[in-house]
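The values are calculated or read from the model by the stated rules, or taken from the named source; none is laboratory data. Keep in mind it's a predicted model, so treat the numbers as computed, not measured. Here the Cβ positions follow ideal geometry from the backbone for every residue, glycine too, while neighbour counts run over all protein chains shown. Note: accessible area is taken over every heavy atom of the protein model, side chains too, but ligands, DNA and RNA are not part of it. Shrake-Rupley method; radii C 1.70, N 1.55, O 1.52, S 1.80 Å.
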Amino acid sequence: MKILITGHKGFIGQNMMSYLEKKHEVAGYDFHPENLPYVKDYDWVIHLGAISSTTETDVDKIILHNYEFSKWLFNQCNQFNVNLQYASSASIYGSTTHFTEDGPSDPKSPYAWSKYLFDRWVTGIQPAITFQGFRYFNVYGPNEEHKGNQASPITKFTQQAKNDKKIVLFENSENHLRDFVCVEDICKVQEKMLDIKDRGIYNIGTGKVVSFQAVGQMIAEKYNAKIEYMPMPDQLKNQYQKYTCANLQKLNSVVSHKFKTVEEYINEY
């Protein structure tokens, strides 16, 4: 297949490029409003490019990049009969606890709102193409070091343990439970979905939760580091998801996949 990946220099994009180019003809695109992509000759576009920071406050910038450009790209794909996969986000669920694709949403940040608005828009039309949106849960893995404070806890804690011999957790981290999903599994699931014509939005997570405390302890034990605690910053309190767990019923109805556990990843890397 011929595949165009937007955001190919980002964390998930880098992993997707290196994984898919082993079997497919793959090209990359990074967003620039004066140099928009030409999609006509591709079989699929995998749209991963976005302002992904959950603390970004420039709403106009986020809407332009994450919403308006996504709509433009979708319309181009529909015009030239090119199928589309795109990255949505579990941040859409906010403080809800159902985590089902058709249930109510509760976006808390401008980033989450941009993803919610595009999901809402794309499911309200009847295109000719196959489109698949993926609500990623808490993705971690190789090539996310450049994300700094936006990197996953697995990567941040590992860097802290290696460099400082200590890991800093928020207070009450044993009560902060997340569905951590390895980026390698994201790539494998989306490749499987390329051969499936079902349209719609799908969760991608493991369907299991691990606490921040447990992640910190696993990494601390591996690198012989100590754990310290700090209060959660005020800017995070109103939008912080204390619990995420993907409902995989819809995804499991179309593909089969065994997800890697956090413990397996930490031991492997």
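Table: residues versus (1) of a type outside the set (D, E, K, R); (2) farther than 22 Å from T244 by Cβ; (3) open to solvent by 30 Å² or more (accessible area, probe 1.4 Å); (4) out of contact with any Phe, Trp or Tyr (no Cβ under 8 Å at 6 or more places or on another chain).
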site: K2; (1), (2), (3), (4): no, yes, yes, no
site: N15; (1), (2), (3), (4): yes, no, no, yes
site: E25; (1), (2), (3), (4): no, yes, yes, yes
site: N66; (1), (2), (3), (4): yes, no, no, no
site: S70; (1), (2), (3), (4): yes, yes, no, no
site: N81; (1), (2), (3), (4): yes, yes, yes, yes
site: S88; (1), (2), (3), (4): yes, no, no, no
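Search the stretch 242-269 for residues being under 19 Å from the mean Cα position of the chain (by Cα) and either without any contact (Cβ under 8 Å) to a residue 40 or more places away in the chain or at positive phi (or both), and hand back the single one that is surrounded by the fewest Cβ atoms within 10 Å (Cβ to Cβ). This residue is K258. Only one of the listed residues (S53, S88, S70) is farther than 18 Å from I201 by Cβ and in contact (Cβ under 8 Å) with a residue 12 or more places away in the chain. That residue is S53.
Would you pick out the residues in the stretch 186-207 that are open to solvent by 10 Å² or more (accessible area, probe 1.4 Å) and under 16 Å from the mean Cα position of the chain (by Cα)? Passing the criteria: K188, E191, I201, T206, G207. Among the conditions (1) modelled with pLDDT of 95 or more; (2) among the hydroxyl-bearing types (S, T, Y); (3) open to solvent by 40 Å² or more (accessible area, probe 1.4 Å); (4) more than 15 Å from the chain's Cα centre (by Cα), the only one that T130 does not satisfy is (3). A single member of Q213, Q217, Q239 is in a helix (DSSP H, G or I) and either of a type in the set (D, E, K, R) or open to solvent by 30 Å² or more (accessible area, probe 1.4 Å) (or both), and it is Q217. Listed by first and then second residue, the pairs with beta-carbon distance under 9 Å, at least 6 apart or on different chains, first residue in the stretch 100-117 and under 19 Å from L251 (Cβ atoms) and without any contact (Cβ under 8 Å) to a residue 24 or more places away in the chain, second among the small types (G, A, S) and assigned to a loop (DSSP other than H, G, I, E, B), are S105/G94.
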